[in-house]
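Trainee: Structure provided below as structure tokens; questions to follow.
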Amino acid sequence: MEIAGLIAYAIFLLNLVGIYAIMVLGLNMQWGMTGQFNIGVAGFFAVGAYTTAILTTEPAANWLGGFELPFLLGLVGAVVVCWPIAWVVGRITAGLRTDYLAIATIGIAEIIRLFFLNEGWLSNGTRGIPGIDKPFGVGNLGYLLIVLGFVALTYTLVEIARRSPWGRVLRAIRDNEAATAASGKNVAQFRLQAFVVGACIMALGGGLYAHFVGFISPEAFRPLYGTFLVWVMLIAGGSGNNKGAVLGALVVWLIWSSTEMLAGLVPTALIGSESAFRVFLIGVLLQIILVSRPQGLLPETRPPMPGEGKR
Amino acid sequence: MIEIDRISRAFGGLQAVQAVSFTVAEGSITGLIGPNGAGKTTLFNMIAGNLAPDQGRVRLQGEDITDLAPHERFHKGLVRTFQIPHEFSRMTVRENLMIVPAQQSGEYLLRSWLTWWRVVREDRAILEQADEVLDFLEIGHLRDELAGNLSGGQKKLLDLGRTMMTDAKAVLLDEPGAGVNRTLLGKLAEAIERLHQERGYTFCVIEHDMDLIARLCDPVMVMANGALIASGDMASLRDNAEVREAYLGTGVSGQAGGQSNGTA
């Protein structure tokens, strides 16, 4: 009984790891490859989750939809809805560098969350949208296979992108923007493309998340869960390295879950609140990684030259 | 080839370039010299599109390019290098060259995803071209080195190599010889001469090394305080009193000569 419980917990955990891995891969395209400091991950995560929820749930009286569309169409919808939103955000912030982009994107992510919080006709406000079923009547184990399938698909697409001439231009922009323009590349356009594609990958993660937890509310898209954890995963795993992005999601989620136990062991009188102590612990972890392994568990590697080392 | 028509630019109260006009003739290697702060690099930035002029127009082969972005001018065949080498330091020497060719189908993400085998085949051809350029510049042994690890002179060669990865018509070189040792400088001059003869590139070169200017350039334009003060071949400029004054300051007798060797 003990073992069965443990396995069930592991399956639950790996589902979330897979969903976060997809979002980390999206962030890796923006930060790892292009150097865009997007700390508004939660915004695109929320857009994907809400779109999927509205498209696939049963008709409801109090909010938009649901439209009872099939699972895959819901995910396609998440990407299709996120695309123009990310495009507009990307266009507005196109001229902004690092720290300014960070401020702008965190603001936009909060705007999106507050929008879902206040527009009850669309999202049922604070009460959230319940009843988002897993597809094909699968349980956690079946859903894990679906999630892993999407992780593999996303990893393959992002890795091909990294090795392609497109990815080469992104790395050049990260290195030296003026020289990239002097090499005839339209820097603004490439930056926008990387931003939009990365955001759509995050929305895909959001869609998968909605089906897994079955109920979403604005609470799930606070910066801590939606953005901060994704960043810690990428930095811990190794930004610029797609394998590192996936590994980072696994390692950080395991540690994040174990901090729950750790925080439970310490007397509440000493730490005030358990959840605040968990954030503190994950902050300490981030510091340790930054000091001891600044490039992450798996540092960035040079993509192979064409014809050299098949994938 | 390049016509600069009464171009001006001020930074606050400083008039960096004031109503400068000249023409870089097709097939020439035109030199641009002058003391530090004369406005040479500002002028280059306006020709290449990195800086908008306050007034004046720039034309390339008769076409007005004043309002085009740098990458659009690149596609018209106008290529530049920078005074401080602008290499992609965390990319290899080969990748630094492979980035340059225009119209790579792999630069479209969808094509990279859907027809990746075709993209790889095309990229292999670009790789071969890059290796040829590296052999031409005799830095083939450095091809897998990160560009950030190269010496200053090798970076200058790499910059020149980048202009060889495209069908350039006119190339702007901003101090190609600065910080380059004598041996490498000879190689650099040789490469410029070969590009000029074999590929028919037109060059415009900013340089402080008068030996290099004398070897490569005819005509030579002289700038001081944001204005063009003289032009002609190097021999005639050496005897020009105004040029000597600009370089050496007023009150120096003619006996000092026009030589201003070395890098300033």
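The values are calculated or read from the model by the stated rules, or taken from the named source; none is laboratory data. Since this is a predicted model, take the numbers as computed values, not measurements. Cβ coordinates were reconstructed from backbone atoms using ideal geometry, including for glycine residues, and neighbour counts include every protein chain displayed. With ligands, DNA and RNA removed, areas are computed over all heavy atoms of the protein, side chains included. Shrake-Rupley method; radii C 1.70, N 1.55, O 1.52, S 1.80 Å.
Trainee: Give the residues of the range A:150-189 that are among the aromatic types (Phe, Trp, Tyr) and either open to solvent by 20 Å² or more (accessible area, probe 1.4 Å) or under 20 Å from the mean Cα position of the chain (by Cα) (or both), sorted by residue number. Walk me through it before giving the result.
Mentor: From the range A:150-189, those among the aromatic types (Phe, Trp, Tyr) are A:150, A:155, A:166; that's our starting set.
Passing the criteria: A:PHE150, A:TYR155.
Trainee: Which residue, of B:THR30, B:THR42, B:THR23, is surrounded by fewer than 17 Cβ atoms within 10 Å (Cβ to Cβ) and over 30 Å from A:GLU308 (Cβ atoms)? Step through it out loud before you land on a result.
Mentor: Numbers: B:THR30 fails: surrounded by fewer than 17 Cβ atoms within 10 Å (Cβ to Cβ); B:THR42 fails: surrounded by fewer than 17 Cβ atoms within 10 Å (Cβ to Cβ).
Within the list B:THR30, B:THR42, B:THR23, the selection yields B:THR23.
Trainee: Specify the residue that is farthest from the other protein chains (Cβ to nearest Cβ); the eligible residues are those in the range B:125-147 that are open to solvent by less than 80 Å² (accessible area, probe 1.4 Å) and without any contact (Cβ under 8 Å) to a residue 12 or more places away in the chain. It would help to see each step written out before you state the result.
Mentor: Here is the first cut: in the range B:125-147, the ones open to solvent by less than 80 Å² (accessible area, probe 1.4 Å) are B:125-127, B:129-131, B:133-134, B:136-137, B:139-140, B:142, B:144-147.
Of the ones still in play, those that are also without any contact (Cβ under 8 Å) to a residue 12 or more places away in the chain are B:125, B:140.
Working: B:ALA125: 9, B:GLY140: 14 Å.
It comes out as B:GLY140.
Trainee: Is one or more of the residues making up the range B:35-46 more than 24 Å from B:ALA10 (Cα to Cα) and either outside any strand (DSSP E or B) or not basic (Lys, Arg) (or both)? Spell out the reasoning first.
Mentor: Of the residues in the range B:35-46, the ones more than 24 Å from B:ALA10 (Cα to Cα) are none.
Taking every residue of the range B:35-46 in turn, none turns out to be more than 24 Å from B:ALA10 (Cα to Cα) and either outside any strand (DSSP E or B) or not basic (Lys, Arg) (or both).
Trainee: What residue, among those in the range B:148-172 that are surrounded by 14 or more Cβ atoms within 10 Å (Cβ to Cβ), polar (S, T, N, Q) and within 14 Å of chain A (Cβ to nearest Cβ), is farthest from B:PHE44 (Cα to Cα)?
Mentor: Going through the qualifying residues, I end up with B:THR166.
Trainee: Follow-up. For B:PRO70, work out the one condition from (1) modelled with pLDDT of 90 or more; (2) at the interface with chain A (Cβ under 8 Å from one of its Cβ atoms) it doesn't fulfil.
Mentor: B:PRO70 satisfies every listed condition except (1).
Trainee: Further, regarding this structure: A:GLN193 - would you say it is open to solvent by 50 Å² or more (accessible area, probe 1.4 Å), within 14 Å of chain B (Cβ to nearest Cβ), part of a helix (DSSP H, G or I) and in contact with a Leu (Cβ under 8 Å, 6 or more places away or on another chain)?
Mentor: Working: open to solvent by 50 Å² or more (accessible area, probe 1.4 Å): yes; within 14 Å of chain B (Cβ to nearest Cβ): yes; part of a helix (DSSP H, G or I): yes; in contact with a Leu (Cβ under 8 Å, 6 or more places away or on another chain): yes.
When the stated conditions are applied, A:GLN193 passes them.
Trainee: Take the range A:84-103 and flag every residue that is of a type in the set (A, V, I, L, M), without any contact (Cβ under 8 Å) to a residue 40 or more places away in the chain and farther than 16 Å from A:ALA203 by Cα. Show your work before the answer.
Mentor: Here is the first cut: in the range A:84-103, the residues of a type in the set (A, V, I, L, M) are A:85-86, A:88-89, A:92, A:94, A:96, A:101-103.
Adding the requirement that they be without any contact (Cβ under 8 Å) to a residue 40 or more places away in the chain leaves A:88, A:92, A:96, A:103.
Listed by number, the residues that qualify are A:ILE92, A:LEU96, A:ILE103.
Trainee: Counting only residues that are open to solvent by 50 Å² or more (accessible area, probe 1.4 Å) and within 14 Å of chain B (Cβ to nearest Cβ), which one in the range A:273-306 is farthest from B:ARG121 (Cα to Cα)?
Mentor: Result: A:GLN295.
Trainee: Within the range A:161-169, can one find any residue that is in a loop (DSSP other than H, G, I, E, B) and within 14 Å of chain B (Cβ to nearest Cβ)?
Mentor: Yes, some residue in the range A:161-169 is in a loop (DSSP other than H, G, I, E, B) and within 14 Å of chain B (Cβ to nearest Cβ).
Trainee: OK, next. May I ask you to verify whether B:ALA191 is closer than 21 Å to B:GLY27 by Cα, of a type in the set (A, V, I, L, M, F, W, C) and modelled with pLDDT under 85? Explain how you work it out, then say what you get.
Mentor: Details: closer than 21 Å to B:GLY27 by Cα: yes; of a type in the set (A, V, I, L, M, F, W, C): yes; modelled with pLDDT under 85: no.
The answer is no for B:ALA191.
Trainee: For the range B:138-154, which positions are over 18 Å from A:GLU308 (Cβ atoms) and not in a helix (DSSP H, G or I)?
Mentor: If we filter the range B:138-154 for residues that are over 18 Å from A:GLU308 (Cβ atoms), which is where we start, we get B:138-139, B:147-154.
B:GLU138, B:ILE139, B:LEU150, B:SER151, listed by residue number.
Trainee: Now for a different question. Tell me, which residue of the range A:272-299 that is within 15 Å of A:GLY248 (Cα to Cα) and β-branched (Val, Ile, Thr) is modelled with the highest pLDDT?
Mentor: Per the stated criteria, the residue is A:ILE288.
Trainee: Scan the range B:82-124 residue by residue and report those that are open to solvent by 30 Å² or more (accessible area, probe 1.4 Å), more than 9 Å from chain A (Cβ to nearest Cβ) and either of a type in the set (Asp, Glu) or in a helix (DSSP H, G or I) (or both).
Mentor: B:LEU110, B:LEU114, B:TRP117, B:ARG118
Trainee: Of the conditions (1) within 12 Å of chain A (Cβ to nearest Cβ); (2) surrounded by fewer than 17 Cβ atoms within 10 Å (Cβ to Cβ); (3) at pLDDT 90 or above; (4) not in a loop (DSSP other than H, G, I, E, B), B:ARG59 satisfies every one except a single condition; which number is it?
Mentor: Checking B:ARG59 against (1) within 12 Å of chain A (Cβ to nearest Cβ); (2) surrounded by fewer than 17 Cβ atoms within 10 Å (Cβ to Cβ); (3) at pLDDT 90 or above; (4) not in a loop (DSSP other than H, G, I, E, B), the one that fails is (1).
Trainee: Just a yes or no: is a residue in the range A:219-238 surrounded by 23 or more Cβ atoms within 10 Å (Cβ to Cβ), more than 26 Å from A:VAL284 (Cβ to Cβ) and among the small types (Gly, Ala, Ser)?
Mentor: no
Every residue, every condition in (1) under 16 Å from A:ALA210 (Cβ atoms); (2) open to solvent by 20 Å² or more (accessible area, probe 1.4 Å), yes or no:
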site	(1), (2)
A:GLY32	no, no
A:PHE37	no, yes
A:ALA46	yes, no
A:TRP63	yes, yes
A:ALA78	yes, no
A:GLY90	no, no
